[in-house]
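Chemist: The following block contains the structure, expressed as structure tokens.
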Amino acid sequence: MEKNCLFCQIANGEKPTEILFENDTLVVFKDIHPAAPVHLLIVPKRHIRSINDLTESDRPILSELMMVARDMAGRQGLAESGYRLFVNVERGGGQVIFHLHLHLIGGWQK
Ligand code: 5GP
Ligand code: ZN
């Protein structure tokens, strides 16, 4: 937990946010400025700054992010129509919140 990290605060329930899914590893909530009809953020509870900061022991977290992304896409009715998953890395890659997260966007056509 990083004291001044927004996504740590959301994951710890310190910033009230509707949590769509939670398990031991991660939380899922809606992006506050959606870039698509469906825009979810899949966020590990552990504070990891970016993809650059992953360590060997984080491998299970990464696979969990992807598996939950697949499940959430299914729950949102996006599995057949399709969707996009992406991660921004550091400022040049468009990252503005420096706590690793996976974007799930879709729902343009169902
Ligand atoms: P990044 O550019 O770092 O990959 O994406 C950060 C995302 O977090 C942005 O799409 C932004 O809209 C979203 N965001 C920023 N602040 C908040 C917030 O307080 N609540 C939620 N739900 N999303 C946020
Ligand atoms: Zn954090």
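Rule-based calculations on the coordinates, nothing more; no lab input. Every value quoted in this text rests on a predicted model; they were computed, and no experiment measured them. Every residue, glycine among them, receives a Cβ derived from its backbone with ideal geometry; neighbour counts consider all protein chains shown.
Chemist: Within segment 87-110, restricting attention to residues that are within 10 Å of ligand 1 (Cβ to nearest atom) and loosely packed, with under 12 Cβ neighbours inside 10 Å, which residue is nearest to N23 (Cα to Cα)?
Modeler: At the first step, the residues of segment 87-110 found to be within 10 Å of ligand 1 (Cβ to nearest atom) are 87-91, 93-103, 105.
Cutting the leftovers down to loosely packed, with under 12 Cβ neighbours inside 10 Å gives us 91, 94, 96.
Details: R91: 29, G94: 27, V96: 25 Å.
Step by step, filter segment 87-110, then rank; the result is V96.
Chemist: Being closer than 14 Å to K45 by Cα and more than 9 Å from ligand 1 (Cβ to nearest atom) is the filter here; which residues of segment 10-26 pass it?
Modeler: Answer for segment 10-26, where residues must be closer than 14 Å to K45 by Cα and more than 9 Å from ligand 1 (Cβ to nearest atom): A11, N12, G13, E14, I19, F21, E22, N23, D24, T25, L26.
Chemist: Only residues in segment 67-84 that are surrounded by 13 or more Cβ atoms within 10 Å (Cβ to Cβ) count as the first member; pair them with residues that are in a helix (DSSP H, G or I) and of a type in the set (A, V, I, L, M, F, W, C), Cβ under 8 angstrom, at least 6 apart or cross-chain, and list the lot.
Modeler: A79/A73; Y83/A73
Chemist: Given the conditions (1) surrounded by 15 or more Cβ atoms within 10 Å (Cβ to Cβ); (2) near ligand 2 (Cβ under 9 Å from one of its atoms), and given that E2 satisfies all but one, which numbered condition is not satisfied?
Modeler: Result: E2 passes all but (1).
Chemist: Do we have any residue at all in segment 41-49 that's touching a residue at least 60 places away in the same chain (Cβ under 8 Å), surrounded by fewer than 17 Cβ atoms within 10 Å (Cβ to Cβ) and more than 10 Å from ligand 1 (Cβ to nearest atom)? Quick ask: steps written out before the conclusion?
Modeler: Taking segment 41-49 and keeping what is touching a residue at least 60 places away in the same chain (Cβ under 8 Å), we get 41-42.
Applying the additional criterion that residues be surrounded by fewer than 17 Cβ atoms within 10 Å (Cβ to Cβ) yields none.
No: zero hits.
Chemist: Given (1) of a type outside the set (A, V, I, L, M); (2) within 11 Å of ligand 1 (Cβ to nearest atom); (3) within 18 Å of V89 (Cα to Cα); (4) part of a loop (DSSP other than H, G, I, E, B), where does F7 come up short, assuming only one miss?
Modeler: Every listed condition holds for F7 apart from (4).
Chemist: For the list (1) more than 15 Å from D71 (Cα to Cα); (2) within 12 Å of ligand 1 (Cβ to nearest atom), I need the number of the one condition that F29 fails.
Modeler: Just one mismatch for F29, condition (1).
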